[in-house]
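Each remark here refers to the structure printed beneath this line.
The numbers here are math on the coordinates, done by the rules we state, and not lab data. Everything numeric in this text was worked out from a predicted model, so none of it was measured. With ideal geometry, Cβ positions are generated from the backbone for all residues, glycine too; neighbour counts draw on all protein chains shown.
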Amino acid sequence: LPDPILRLRTIIGFGGCSTRWVLWTQDSSVVVYPCHAVIVALHIHTGEQRFFMGHTDKRVLLAALSLLCSSLNTPIHSLSPSPAPLCSSQPLPQLCARLWPRCSPSMVVVWNTAQVTRGGEVAVLAKAHTDVDIQALKIAFFDDTRMVSCGRASVRLWRLKAGFLRSCPVALGQFQSLEFTDLTFEETQEAERDLQGHTLFVCSSSGHVLELDYESVCVRSVRRLLPTRPQHCPGQEQPACGAGPGIAINSISISSAFCATGSEDGYLRLWPRDFSAVVLEAEHEAAVSCVCISPDGRRVLSSTAAGSLGCLDIASWGYSTLMRSHGDSVLAFSIQGLWKHMATVSQDNTIRVWDLSSMQQLYDFTAADETPCAVAFHPAQHLLACGFDSGTVRIFDLASSDLLVEHRQHHTVITGLTFTPDGKFMFSSCLQGTLALYSCTEQKSHVLRVLGKEGKGRSGGSSILGGKEGKGLGAPEHWLEGKGSTPCLKVFTQQLLVSQLLRVDISTLDVNCRALGSAARVCFAPSPRGELLVSTSARKLLVLDVRTGRLVREVSGVHKLCCSSLAPSRDGRYLLTAGDKVLKVWDYQMRFDVNFQVFIGHSEPVRQVAFSPDQQHVLSVGDAIFLWDFLAAPEGSEQLKDACGSPGQTVPVPPLSSALCLAVSPVHPAACPGKELLPGKATIGFVWGKAPCPAQQQGASFPSLQLLTSSLRSCCGSTGCSLPLSLCVCVCVDVPTERATSPGLGAAPSQEHHPQRSCFLLCLAELREGSTRAQSQSPIRPDSYRHFTPRFKASQLPQSFSSPPAGSEVLKLKAVMGYNGNGRGNMVWSPDTGFFAYTCGCIIVVEDLHSGSQSHWLGHTEEISVLAISHNAQVLASASGRRNGDSHCQICIWNIQDGVCTANLFHHQTQVQAMAFSGDDRLLVTLGDYNDQSLALWDTCNLQLLAATGLSQPAHDVAFSPSSPQELVCVGKGALMFWLLEQQGADVSLKVHRAPAPAVLGPVELTCVCYGAEALLYTGTNSGHICVWDTQHRHCFMTWEADEGEIGVLVCAHNRLLSGSNTKRIRLWAAAAVPELRLKGPCARSSSVLLEHEMPLDGTIVSAAFDESLEMGIVGTTAGTLWYINWAESTSIRLISGHRSKVTAVGFSPDETHCATCGEDGSVRLWSLGSMELVVQFQVLNQ
């Protein structure tokens, strides 16, 4: 390797712990300032920077004349809670004073620096401990044994004599209590050691400027600078302390003609020596923390708390910004080669765009309440995409500085963001494992697919998608197949079969260790190597073969900590890695004894590193932005060109670096025949397709883009934990023909090495805490009885059976005695039509409440979990689990008029938890259980799936807004989710807003939901509280404790609310005052909600249906009972009663008028066969 291979060229950044320390060199042409761990000397005319490196921590102090001195923020044996001043003597650098902050007292140290420029040592001359506060400390220009300090309620004179450092306070009188921030000497032409005539100026945070006589150690005069008025008021002498607000002065500097002040209001002001009027002022975007007049008196240097550094030319009144910087750590960057721009995002909530040539800031976007965490340039247009910690993805038009579009498909931190090389598609991933695909063919991008943790498309609707739903993905017809909860998806097209989906084991921990290793960063090697680079949590670098997944090379101990970023050079000869606070440049082939060089400079962990598009520079970000010259010439003198023809794009596209990944499921090598994997370790998956590049073949499809609609679930069929995606990278690479042929396709490998343009999507994840090699995690049932769990089945249906011809049945079902109390919402009643139905096992029982006659709808073979009736009482929907051999649970749509099943719907993989019809009955929403975690939307006219989405957490209940069929809500763990249905032509999408539960409730499950009147919404919790929400502003404005147990059922009508809980009772609430309380917002008090009635029943409440006034209704319990409730008469009548669990035996009376049954619920029941009603019941306790 060339030694050195990197040379620091430019640093974009200023400050670190403080922005108070900037200064001039004696020739007034160079500005010296700290940037975290580096001291920078900037030439103000040429912009050239020089660097003084050696520190590994942030500095906050500087002092210089012919000598530059710096000090660490954390000195040996002490901790520095606040900046500590350092100064040098003038005109000769003989002495240096330094305050070492400690808890108590502080220590001032004086060194002799006279011999430094001649190779001598720096000797300590004296030390002194002090209890006074010191904010500024300066050495007198006329006597380098004398110093002055100022701070809170203190101005103190210091003197070094006979090896001792002593001090005395200045008598300040009534100004003793002021907080002094800075001081400066009035310099004269003659620097004599005589003390006569020397004046000292001290400024304060209250606006006072004290003029002190050094010889007599007394205050000559006091002026107070008042806030600027339309006509700039002159500074006034203010002998009284605290008379009105003054300008908080942070810094002061004096020359022979002017005095400069920097204040908290953001102004740099230039005054005459007597402070009679403001001569010149410059407004800044933040408080001015330091001002310094140049030695020639022509310019004033100013720095701000926001990290900007500027220079004011006094003669021309011109102001130039020398440096801008982020106010916090830089998280990520993206390079746009076409316009030579770079975008950065930072923890200071800003997005900034820089010119790579001049390193000047071009644009600045601020998000007040969000932190940007991922950024990507569009490869061909002047667009910038940014992902935020809220889950929002925004796209900006840099030409007009406008926000083009905002996507809210994710609900947590965006961890990956990238465009395809042709710029037609964009992808985003988040911490919860959601992967979103966007079309960027139009100016405003729109969502094509969103894949959740279980791999179900939100807009596609199913784990298996057909051609019409896949338009825009590059192929006329295609299918997307999901492997259940395993991290695997496969894509098939009519024109091309995706050749390989590979799952590679990357754990590098000791086999005896129970914890799984994990992948930290991945990137593709440049073509035509066909290799994948993976850095692991065990500080190793793995080089894998893309085609087979075999380990090609392994490098241990890459960094002291886990590698945070990887970037290969375009010519494939070098590799950049970043870890902890250093950069390393590696020989890619590892051919030498020492294959890397180390470069320091950052004082914080390096977040991302990358080559510039021309490979002439290297960029690294962390505490600041570092631009390095890369001194190794690229292989060959001819500049590389992008084979795709996309301007400014490299081959491959520089990989996107993002936040650490989170979870990966274990892999079982036996389940992957023919794949050579490293046994028993964590995994990383990626998809490889052998598609020709669109630019190489006119009109060619981009089939590998279809791969990107998957959330990359396991092809091994394991039921591992979900995969939160932390990195998604789409690249095009040139792969030799022999590598572009999949063994699975049966084609013989070609012996010729003609490169084939292939497209890749790479998704990366890491094991969650608590996962093990031996077994995978199963979903955990939520802490809510409202969530449905099917009964245990001890028997199975026969593999085959024959049904008798219609009309010749030997047995005919006459009556069903019992109600399935294990269901949830499995009873419906329409007060207008009198239709009444409930479930018992896999049967829907439709009963006439007047005559007691029954009809039985048979269509399910598994236990029915939930029923839903349309508002016009013409359609009934029922849902049950999977039948033998089916991959999805069954939803039946029934015509109530004739009891015929008109359609069977299949989407959810396990159970359906809840269903609801829209107010106009045109839509049906179905909600999967905790194993399924998906929401589906159906068109009731053609019974087609409109949209589907995966949920990040289990949901318990769902409801449509009665005022808008495009709005619905569902409830789950700690949040209420507002969904909005948007339709553009044939495309339907769902957008969601997540509103958290009130913090006062703590960690709760929102268990049930119902709409009220006037934009009100009620939700129940497993803690017994009822929350009232404002649907217009989407926030909770009132809660009250409605029960001692979990509330599982809510029904609202007009100004009354009914609640049912697992305390075996229902309660009726008067809520007439709630609409008025909504206007009060959080100030609303729950005392206005009154309890009207309360009624105990025989079990936990699981279903309820009432009339419009809530006067009468039907309630179902887990005891297998349906109760008729009449609040006006305060009565409860048992309508249906059955065994709670399995019936074990039945016997008939000799006259066949009665029968007796017994069951595992410990009851013996006697039934009348004529009326089918319960006559008497005997209960045996605990048997």
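Considering only Cα-Cα distances, which of the following residue pairs are longer than 22 Å: LYS540/LYS560; LYS793/LYS1142; LYS793/LYS973; LYS793/LYS814?
In this structure, LYS793/LYS973; LYS793/LYS814 lie more than 22 Å apart at Cα.
Hey, what D do you get for segment 1016-1076 in µm²/s if you plug the Kirkwood alpha-carbon radius into Stokes-Einstein at 25 °C and 0.890 mPa s?
210
Search the structure for amide H atoms under 5 Å from the amide H of LEU561, placed 1.01 Å from N in the peptide plane, and list their residues when 5 or more places away or on another chain.
For LEU561, the qualifying residues are ASP580.
Taking 2.2 N^0.38 Å as the expected size of a compact globular protein, what ratio does the Cα radius of gyration of segment 1111-1160 give against it, to two decimals?
Working it through for segment 1111-1160, the quotient is 1.52.
Rounded, prolate or oblate: pick one for segment 876-956, where a ≥ b ≥ c are the square roots of the eigenvalues of its C-alpha gyration tensor, a/c under 1.5 means rounded, and failing that, prolate if a/b is larger than b/c, else oblate.
oblate
For segment 1040-1183, calculate the relative contact order in percent as a whole number, restricting contacts to Cα pairs under 8 Å that are 6 or more residues apart.
Relative contact order of segment 1040-1183: 13 percent.
Efficiency by 1/(1 + (r/R0)^6): what FRET value for HIS871 and TYR1124, r their Cβ-Cβ distance, R0 = 25 Å, to the nearest 0.05?
For HIS871 and TYR1124, the calculated efficiency is 0.65.
How many percent of the alpha carbon pairs in segment 1141-1183 exceed a separation of 17 Å?
Taking all Cα-Cα pairs of segment 1141-1183, the fraction more than 17 Å apart is 30 percent.
I want to check the label-to-label distance for HIS43 and ALA1070. Put each point 7 Å from Cα in the C-beta direction and report it in nm to one decimal.
The answer from the label model is 8.6 nm.
With a sphere of radius 11 Å drawn around the Cβ of SER320, what net charge do the other residues whose Cβ falls strictly inside it have (Lys, Arg +1; Asp, Glu -1)?
Residues near SER320 contribute 0 overall.
In units of 2.2 N^0.38 Å, what is the alpha-carbon radius of gyration of segment 787-902?
1.10
Please compute one quarter of the surface area of the Cα convex hull for segment 1005-1138 and express it in square nanometres.
With every direction weighted equally, the projected area is 7.3 nm².
At a Förster distance of 56 Å, what's the computed FRET efficiency of TYR319 paired with GLU1044, Cβ-Cβ distance as r, to 0.05?
0.25
Residues with amide H under 5 Å of SER1061's amide H, sequence separation 5 or more or different chain, H placed in the peptide plane at 1.01 Å from N; which?
GLY1048, ILE1101
Once the piece of chain linking ALA368 and ALA806 is laid out straight, how much longer is it, given 0.36 nm per residue of separation minus the C-alpha distance between them?
The ALA368-ALA806 span can extend by a further 150.7 nm.
With each label point set 7 Å from Cα along the Cα-Cβ vector, what nm distance links MET1112 and THR789?
The modelled label-to-label distance comes out at 3.7 nm.
Rounded to two decimals, what is Rg over Rh for segment 105-199 when you use alpha-carbon atoms and the Kirkwood radius?
1.00
Among the aspartates and glutamates, which have Cα under 15 Å from the Cα of LYS991 when same-chain residues fewer than 8 positions away are ignored?
GLU406, GLU967, GLU982
Could you list which residues have their amide H under 5 Å from that of HIS907, counting only those 5 or more apart in sequence or on another chain, with H placed in the peptide plane?
CYS889
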